[in-house]
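For reference, the structure is listed below as structure tokens.
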Amino acid sequence: MRRLHSLTGLIPIGAYMVVHLSVNASVFGSPRLFQRLVFHIHSLGPLLPLVEWSLIFLPIIFHAVYGLIITKDGNPNTQSYPYNSNFRYTMQRATGLIAFLFIAWHVFHMHGWIHASFWVNNIAHPLFGAQFSPYNAASSGAEAMQASIIVPILYGIGVLAATFHFTNGLFTFGITWGFWISAKAQEKAKMVANVLFVLLAVVGMTSIVGLYSMSQEKIAEVRKEEDKAYELLVETGDIVPNDHKHSKESKYYHAEESDDAAKAESKR
């Protein structure tokens, strides 16, 4: 179970985190590129929930639950033995707990956990959840990040915790699976893990800064470009129309909302 736990931390969770942070970081240099990447992801259509649950949510749930069991049975002793390995042991457990809480909040904040209209309108939105709209990715992400100064601070803490937990977990993964046994090999692996932590932390912070620093004028400009891209991709059949994936400030959201109301009225 411990080997499976360490493996899921690397594949698929760790691999997904690297891709997720990299995609999000693209918003700093080009909101248009970020939206294009999000469109590619959502072009999976009905297959997207299957991919998310099989490769992301279920592995994360298993890794988190078994990680909590390991943490419960652990016995940190950094005060008695203030060595680097003991410090990393304690930090691995602490960042695991922080990352677990952060991911749960992050998914609620951006996606609301459940996509049902009743849940989104009556529970998620009143609690500042479901703020991210995939078809208006950069603009809605910026608005969600700028809702309060507390938001980017929480994201910063969460990203640092998640990246440390992954990179230090990569180091312990090699020990658990017997890839680096000698002290010399472990020191080299530790150095690689430290460098990777710094790189991923910078990538993660880049997306936070990119979204938080986007001006209101830029957000309005980006939203118009997102709507144009959506219209084109719907015409070419690359994505399926979906009003739930639009920001409420998008003209397409309101247009489809009006169409739905007209259809309901005609049925009556």
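The values are calculated or read from the model by the stated rules, or taken from the named source; none is laboratory data. Computed from a predicted model, the values in this text were never measured in an experiment. Counting neighbours? That spans all protein chains shown, and the Cβs are built from the backbone with ideal geometry, glycine included. Ligands, DNA and RNA are stripped out before the accessible areas are found, and what is left, the full protein with its side chains, is counted by its heavy atoms. Shrake-Rupley method; radii C 1.70, N 1.55, O 1.52, S 1.80 Å.
Structure notes:
- Membrane-span-like helices of the chain, defined as complete DSSP H segments with a Cα extent of 18 Å or more along the helix axis and a mean Kyte hydropathy of at least 0.0, are identified as 13-29, 58-73, 84-111, 150-176, 183-212.
- Theoretical FRET efficiency, 1/(1+(r/R0)^6), r = Cβ-Cβ of Leu55 and Asn122, R0 30 Å, to 0.05: 0.50
- Of the whole protein surface, His40 contributes about 120 Å² of accessible area at a 1.4 Å probe radius.
- Candidates Thr71, Thr163, Thr206: whichever shows maximal mean-square fluctuation once the chain is modelled as a Gaussian network with Cα springs under 10 Å: Thr71
- The chymotrypsin sites (Phe, Trp or Tyr not before Pro) of segment 168-231 meeting both criteria, a DSSP state outside H, G, I, E and B (loop) and at most 13 other C-beta atoms within 10 angstrom of the site's C-beta, are Trp177, Phe179.
- Charge dipole (segment 112-234, unit charges on Cβ, about Cα centre) - positive-most of Leu211, Ala130, Trp177: Trp177
- Counting heavy atoms of the protein chains alone, Met205 has an accessible area of about 60 Å² for a 1.4 Å probe.
- Dipole magnitude for segment 109-268: about 760 debye, using +1 per Lys or Arg Cβ and -1 per Asp or Glu Cβ, origin at the Cα centre.
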